[in-house]
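The values are calculated or read from the model by the stated rules, or taken from the named source; none is laboratory data. This structure is a prediction, so every number in the text was calculated from the model and none was measured. All Cβ positions, glycine included, derive from the backbone under ideal geometry; neighbour counts span all protein chains shown. Side chains included, ligands, DNA and RNA excluded: accessible areas come from the protein's heavy atoms. Shrake-Rupley method; radii C 1.70, N 1.55, O 1.52, S 1.80 Å.
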Amino acid sequence: MPPSKKRTTDSDTKGQTKRRKKQKEDESEGSDVDGAETGAGAEFDNEGEEGSSGDISFKLESPMLAGEVLFCGGTNWDLVGRRTLPKGVKPIGGPNLWGPHRLGGLESIKIRTVASGCNACHCVAITEEGKVYTWGRNEKGQLGVSDINRRDVPTKVDLLESFNIVAAACGKNHTLFLTDRGKVLATGDNKMGQLGIGNQTQQVPCPMQVKYKGPPIRRIACGGEFSMISDINGNLYSFGCPEYGQLGHNTDGKYFVTSNKMEYKCEMTPRKVNVFIEKNRDGHITPVTDVDVREIACGLNHTLIIDSKKRIFSWGFGGYGRLGHAEPKDELVPRMLKFFDGPNRGATQIQCGSSFSMAVGEHGAMFFWGQSKPTGEATMYPKLVQDLSGWKIRSIGCCYRSIVVAADDSVVSWGPSPTYGELGYGENKLKSSTVPQEVKLLDGTYVHSVACGYAHTMMIARADTEEDKSNLQKLPVFNP
């Protein structure tokens, strides 16, 4: 029997109750981490494999425009999202940055990609040359810098120096890196197999290659304790925790070892997702066989994809309507979201928060479903975000509960209290908002893209002209 996550229950019903309670606690308070053991060293395989690109470098389909990184939000990495600190962690950390700041050490470096995750308290920045900087929480080695010490300033990941990294994805305590040759490297927490390296280890502080042999990978995404990758042929693979069906293999992975001991079978290497379905109102299920995955987004315990026909499929934990199927039921395989199926109804962008989902339709309208507020009624199916009607949306970032959008010449954000500054409104302005508000401190600054973590926002701001640079110099510089 493979190493597994263990839970003790008196019955299957109690088990269901406990996991629902745990999920709600996670969504209320954020994520905590356990103690750790020393992880394995780096292992890389740069040779061509059967079905891989060989000597032909994998190219980005739509390269990101480079610029300077701006940051706002919480910088007390050890305390954000927690009631208490883990044993042995000293309560030392930075302030909440209520407005956008330039980052000391990265002011003169052109960055093409930034990454974090709605459950992540760590950050990744990738330069034009494919070099990687990481900073933030590091108790499981998720920064990939060979130790488990927090980094308050962006730190170059020397272990990735020989690679051209084109993308990154951050989970609760783990990180994936995608190379220009379609290889995937992973670092951080691996107790649920979410690194895909073939075992379950408490921590892996050095990037290791995911155990996958096949066509080059073009998309990566991380949930709380699971990971998703898709190849250039549109096939989807998943690994890590299966507890709510978020891996898409038609199982939640649980089995009873004894009459009162339940365990979860984790996927420790990438496993292909083979079944995609459509379900009508009567519950009749029809297989969908022509799915070519183009985009992936993950929440804490749910997943969304867009395929080549601009259809959305969602699955995993169904609480608060985050799957968009008008019911709070878990889905164990990818299920088509009928709202986006049909002529002129497709989607072009997707993003997930901890317990909600967002999409942009092919005509530019933004939709929301799930629940981003700690109280109130959930939105059980996609609903138009009226306040952004008519805006041209180019990038969406989802924090644990807050939302940040780059649209037209502005950045717009909203989110419920409490916040840590991720909305970027400024020291003397409102700290939270239930309706979209423009980030006035960025007037005159053009933002190419945004990426959000648990309680922070990163933006890539244009820095091409003298006017761009002059506007950026008006912003404060954060030097921890």
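Could you grab me the full set of residues in the stretch 207-229 that are among the small types (Gly, Ala, Ser) and either free of Cβ contacts under 8 Å to residues at least 40 places away in the same chain or surrounded by 24 or more Cβ atoms within 10 Å (Cβ to Cβ) (or both)? Scanning the stretch 207-229 gives Ala221, Gly223, Gly224, Ser227. Residues in the stretch 335-367 that are within 20 Å of Val291 (Cα to Cα) and of a type in the set (S, T, N, Q): Asn344, Thr348, Gln349, Gln351.
If I go through the stretch 169-201 residue by residue, how many of them are over 18 Å from Gly234 (Cα atoms) and in a strand (DSSP E or B)? Walk me through it before giving the result.
Narrowing the stretch 169-201 to residues over 18 Å from Gly234 (Cα atoms): 169-177, 185-201.
So of that shortlist, the ones also in a strand (DSSP E or B) come out as 169-170, 174-177, 185-190, 201.
Qualifying residue count for the region: 13.
So that you can scan it fast, the table gives a plain yes or no per residue for (1) among the basic types (Lys, Arg); (2) under 15 Å from Glu278 (Cβ atoms):
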residue	(1), (2)
Val291	no, yes
Cys298	no, no
Ile306	no, no
Arg311	yes, yes
Ser314	no, yes
Gly318	no, no
Glu327	no, no
Asp330	no, no
Val333	no, yes
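The residue that is least open to solvent (accessible area, probe 1.4 Å), among those in the stretch 275-311 that are free of Cβ contacts under 8 Å to residues at least 24 places away in the same chain and assigned to a loop (DSSP other than H, G, I, E, B), is Gly283. Which one is surrounded by the fewest Cβ atoms within 10 Å (Cβ to Cβ) among residues in the stretch 402-431 that are in contact with a Ser or Thr (Cβ under 6 Å, 6 or more places away or on another chain) and without any contact (Cβ under 8 Å) to a residue 24 or more places away in the chain? That would be Ser417. Cβ-Cβ distances below 9 Å connect the following pairs, each with a first residue in the stretch 372-401 that is within 14 Å of Met358 (Cα to Cα) and in contact (Cβ under 8 Å) with a residue 12 or more places away in the chain, a second residue that is hydroxyl-bearing (Ser, Thr, Tyr) and open to solvent by 60 Å² or more (accessible area, probe 1.4 Å), and a separation of six or more residues or different chains: Ala378/Tyr320; Thr379/Tyr320; Met380/Tyr320; Cys399/Tyr420. Taking the condition within 26 Å of Ser116 (Cα to Cα) and in contact with a Lys or Arg (Cβ under 6 Å, 6 or more places away or on another chain), does Pro416 pass? So Pro416 passes the test.
Filtering the stretch 327-363 to residues that are modelled with pLDDT of 95 or more and at positive phi leaves nothing. Every condition in (1) part of a strand (DSSP E or B); (2) of a type in the set (Ser, Thr, Tyr); (3) surrounded by 13 or more Cβ atoms within 10 Å (Cβ to Cβ) is met by Thr434 except one, and the failing one is (3). Restricting the stretch 258-274 to residues that are out of contact with any Lys or Arg (no Cβ under 8 Å at 6 or more places or on another chain) and assigned to a loop (DSSP other than H, G, I, E, B) leaves a set whose member that is least open to solvent (accessible area, probe 1.4 Å) is Val273. Taken over the stretch 143-163, the criterion of being of a type in the set (Lys, Arg) and either assigned to a loop (DSSP other than H, G, I, E, B) or surrounded by 20 or more Cβ atoms within 10 Å (Cβ to Cβ) (or both) is satisfied by Arg150 alone. The single condition among (1) open to solvent by 20 Å² or more (accessible area, probe 1.4 Å); (2) touching a residue at least 12 places away in the same chain (Cβ under 8 Å) that Ser357 does not meet is (1).
Based on what the data block shows, is Val385 of a type outside the set (Lys, Arg) and open to solvent by 10 Å² or more (accessible area, probe 1.4 Å)?
Values: of a type outside the set (Lys, Arg): yes; open to solvent by 10 Å² or more (accessible area, probe 1.4 Å): yes.
Against the criterion (of a type outside the set (Lys, Arg) and open to solvent by 10 Å² or more (accessible area, probe 1.4 Å)), Val385 qualifies.
Out of Val166, Val204, which single residue is touching a residue at least 60 places away in the same chain (Cβ under 8 Å), surrounded by fewer than 24 Cβ atoms within 10 Å (Cβ to Cβ) and part of a strand (DSSP E or B)?
Criteria check complete, one pass: Val166.
With respect to the conditions (1) under 28 Å from Ser432 (Cβ atoms); (2) part of a strand (DSSP E or B); (3) open to solvent by 20 Å² or more (accessible area, probe 1.4 Å), Tyr133 falls short on a single one, namely (1). Among residues of the stretch 463-480 that are closer than 16 Å to Leu103 by Cα, those with a beta-carbon under 6 Å from a residue that is among the basic types (Lys, Arg) at least six positions away or on a different chain give the pairs Ala463/Lys469; Leu475/Arg102; Val477/Arg102. Leu176 meets the stated requirement of being crowded, with 24+ Cβ neighbours inside 10 Å and closer than 23 Å to Ala125 by Cβ.
Only one of the listed residues (Gly81, Gly99) is among the small types (Gly, Ala, Ser), in contact with a Gly (Cβ under 6 Å, 6 or more places away or on another chain), open to solvent by less than 20 Å² (accessible area, probe 1.4 Å) and more than 23 Å from Thr175 (Cβ to Cβ). That residue is Gly99.
From the list Pro328, Pro374, Pro343, pick out the single residue that is closer than 23 Å to Met228 by Cα, of a type outside the set (D, E, K, R), open to solvent by 40 Å² or more (accessible area, probe 1.4 Å) and assigned to a loop (DSSP other than H, G, I, E, B). Outline the logic, then answer.
On the way: Pro374 fails: closer than 23 Å to Met228 by Cα; Pro343 fails: closer than 23 Å to Met228 by Cα.
Result of the check over Pro328, Pro374, Pro343: Pro328.
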